[in-house]
Structures are given as structure tokens and as C-alpha cells.
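What follows is a set of notes on a single structure, which appears directly below.
The values are calculated or read from the model by the stated rules, or taken from the named source; none is laboratory data. The shown structure was predicted, so the numbers you read here are calculated from the model rather than taken from an experiment. Virtual Cβ from ideal backbone geometry, glycine too; neighbours counted across all protein chains shown.
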Amino acid sequence: MYISIIIPHWNGIDILSECLDSIKQSSFSEKEIIVVDNASTDGSQDWIKDNHSDIILVENDQNYGFAGGCNRGVNNASGEWLLFLNNDTIQETDWLDHLAKAVEGKDDVAAVQPKIRNYYERKLFDYAGGAGGHLDLLCYPFAKGRIFLEQEEDNGQYDKSSDIFWASGTAIMVRKGPFIEAGGFDETYFAHQEEIDLCWRLHLMDTRVIFEPNAIVYHKNAVSLPMHSFQKYYLNHRNSFFMMLTNYNLPLTLYLLPVRFALEWVTIGYALVKWDLKHIGAVLKSLGWLLTHPHTIYKKRRLVKKLRRKNDREMLKQFYRGSIVYAHYIRGIKKYTDL
């Protein structure tokens, strides 16, 4: 088994340096490292050539984001498995061994995620993925170990390998064949939730996504894009809504659309009470983008329809059937185990 590790990168030599040093300490030898530079302006390209001449460097002419950077890395990958990894991570030395073992002999598994803990508080599940991701019917994501801003300590409560809905783009290993068949990452997303969209398509193709607890990665969350920035708010709202509009069948999309639309306005109202003008502007911008890009939505729906081998009645068994927004903010649920 050969693994191609693909790291999209844009500025931050010190962050990338620690990540590459960590990967090179991994005990798994059958691997290659590909860094996809999204037109960095800090000299990252020359630094990589001078200090890591053994890795494959892809130099993009502009910043294509996480999705576009990863896709361009795949064009240079020779492994049967593609491991997309954030540059602000370090890893336990045996992480790749555990990921390889987790998928060995399981032809129906298309993707796997390691356990992701916070870099700064090592016992805390990281915001970006925790112990594997799930999705509610209205396409609000959450994870074992993290519901919205509530993060749990890792006390072994999720130490069994399990099926999950989505694997975090912080560290997701995908079989190359299904990845290409699914169309890769949708570059419309640019960044945030493109991995959820990819995993949804993999499920529709009747393959599995799993979590492997013995493989451990530590992540410096929100280094590339601050947690409460306008751009992050915008991408999270737009991409989540776009995902709902493109991946469900048409009757279910039309059924859920009014509820999701109403919740966007609830978010605006909540942000208004807190006088969070950035959040209000980001939600309005996301709704504006969706209203002005019907052709993009239509094209994506056509692609998904071609891939579909599993109907939505079967798919719904893999969703959280309630609203995670209601469960968390009204019922006070803070842990996955309490759902």
C-alpha cells in the first residue's frame, strides 16, 4: 500500500516546517509527500526547494484554496491512497500505520479519518473533526467530541473504530479511484466543508467513510482563517446551504429549503442581538451568492445525479434525524453521547 500525502499550503514557513518534520518521523515508509503551494508570497517555494528537496512541490499560479490545491496535488500523486493533510498539523509516529491497517482488506471503505486533537491542549478534541463528523438533516455539521463551540476532552469515549458521515479535511485519507470518480473536491467551496460534500458523494456511490481512533493527529485550529472572521462565517453558511441544495433529491430539497432558509434569518436575528455585524453581513452575502448562482447549483445537481447509487431513503439513515441547532441551543446538548 502506497500513500500520497498532499498538503495544500499558502504562506507560513514555520507552520509547514513543523508539519513536514513530523511526517518524516512517521514509521510508515511507503509514502510520498506533495506540497501544493497556492502562490505563497513569503518565499515558501524556495524554502521548500532548499530544505526539503526530496518532496514533490507543485507551484500554483494563484491561490486555489484548499479544494483547488488538493485537486492539483492529485494530478502529481502516484499512491492508491490520497491523504489530504493541513499544514498546521503534527502527527504521532505510528499514525499512518494505523490508517493503513484500518482500510486493509475493506474494499467498500473509500475514506478514513484519524483522531484529531488540539495542538495546544493535547487532551482536547480539536474543533476541526474531533473523532469523526456527522450531519443533521438541514446540513449543519458536528463531530464526536465537538458540537458547535463545545469541545470535549478525550477520555477514551470514542476509542472504537466506527462509520461516520464525514471525515475532516484536516486529515482525510481517500482511495484514489473513488475520489476521481466522485469528481474530487468541488472547487466552488474554495475552503470549508468541501470534505463533507465529498464524503456525501462517496456515500451516494455506496462506499463507506470510517474513523480510526488509534491514528492521532494534532491540529492548530483556525491558523489559516480566524474563527470569527467575515470570510469564515461567509464560507461556512454559503457552503453548508449549497451542499443541501445540490446533494438531496429534488423533492427533499424543496421540503427542507424553507426550514433552512428560516434558520438563516434566525441566525441574523441572533447576531443582531449580539451586534455582530460581521456575521450578519456574511449570512446576507451567502444568501446573495446562492440566489445569483442557479446555474452552478444546477450543474452540481446533474453531477450528483450521475453518481447516485443509493437513494435518499437509504441515505437518511446516516443523518442525525433532528436539528443539531435545536438540540444544542434549545435542549442544551453539549456532547455527542447525549444526542
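Which members of the stretch 185-219 meet the condition of being part of a helix (DSSP H, G or I) and among the hydrophobic types (A, V, I, L, M, F, W, C)?
Scanning the stretch 185-219 gives Ile196, Leu198, Cys199, Trp200, Leu202, Leu204.
Looking at the stretch 171-202, which of its residues are surrounded by fewer than 23 Cβ atoms within 10 Å (Cβ to Cβ) and either of a type in the set (Val, Ile, Thr) or more than 14 Å from the chain's Cα centre (by Cα) (or both)?
Arg175, Lys176, Gly177, Pro178, Ile180, Glu181, Gly183, Thr188
Any residue at all in the stretch 88-98 that's in the same structural domain as Pro213 (by TED's automatic domain parsing) and either farther than 16 Å from Ile216 by Cβ or touching a Gly at 6+ places or on another chain (Cβ under 7 Å) (or both)?
No; the residues of the stretch 88-98 include none that is in the same structural domain as Pro213 (by TED's automatic domain parsing) and either farther than 16 Å from Ile216 by Cβ or touching a Gly at 6+ places or on another chain (Cβ under 7 Å) (or both).
Condition first: in contact with a Ser or Thr (Cβ under 9 Å, 6 or more places away or on another chain) and in a loop (DSSP other than H, G, I, E, B). Now tell me which residues in the stretch 108-130 satisfy that.
Matches in the stretch 108-130: Asp108, Tyr119, Asp126, Ala128, Gly129, Gly130.
Here's the yes/no breakdown for (1) in contact (Cβ under 8 Å) with a residue 12 or more places away in the chain; (2) within 14 Å of Cys139 (Cβ to Cβ); (3) not assigned by TED's automatic domain parsing to the domain that holds Thr207:
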residue: Met244; (1), (2), (3): yes, yes, yes
residue: Val259; (1), (2), (3): yes, yes, yes
residue: Ala282; (1), (2), (3): yes, no, yes
residue: Gly288; (1), (2), (3): no, no, yes
residue: Thr296; (1), (2), (3): yes, no, yes
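Of the numbered conditions (1) over 22 Å from Asn11 (Cα atoms); (2) of a type outside the set (Val, Ile, Thr); (3) surrounded by 19 or more Cβ atoms within 10 Å (Cβ to Cβ), Tyr64 satisfies every one except a single condition; which is it?
(1)
Can you list the helices (runs of 4 or more DSSP H) lying wholly within the stretch 1-100 that have 2 or more residues being modelled with pLDDT of 95 or more, under 23 Å from the mean Cα position of the chain (by Cα) and on the phi < 0 side of the Ramachandran plot? Steps first, please.
Details: elements: 13-23, 44-51, 65-74.
Output list reads 13-23, 65-74.
Restricting the first residue to the stretch 89-114 and requiring it to be crowded, with 20+ Cβ neighbours inside 10 Å, which pairs with a second residue that is in a loop (DSSP other than H, G, I, E, B) meet a Cβ separation below 6 Å and a spacing of at least six or different chains?
Leu96/Ser26; Leu96/Phe28; Ala100/Met1; Ala110/Thr207; Ala111/Ala167; Gln113/Gly132; Gln113/Ala167; Gln113/Ser168
Just checking, which of Val74, Val58 is more than 24 Å from Trp166 (Cβ to Cβ), aliphatic (A, V, I, L, M) and not assigned by TED's automatic domain parsing to the domain that holds Asn239?
The conditions single out Val58.
All but one of (1) at pLDDT 95 or above; (2) of a type in the set (A, V, I, L, M); (3) part of a loop (DSSP other than H, G, I, E, B) hold for Leu225; which doesn't?
Among (1) at pLDDT 95 or above; (2) of a type in the set (A, V, I, L, M); (3) part of a loop (DSSP other than H, G, I, E, B), Leu225 violates only (1).
Within the stretch 203-214, identify whether any single residue is more than 15 Å from Asp163 (Cα to Cα), assigned by TED's automatic domain parsing to the domain that holds Gly133 and either surrounded by fewer than 20 Cβ atoms within 10 Å (Cβ to Cβ) or in contact (Cβ under 8 Å) with a residue 24 or more places away in the chain (or both), and answer yes or no.
yes
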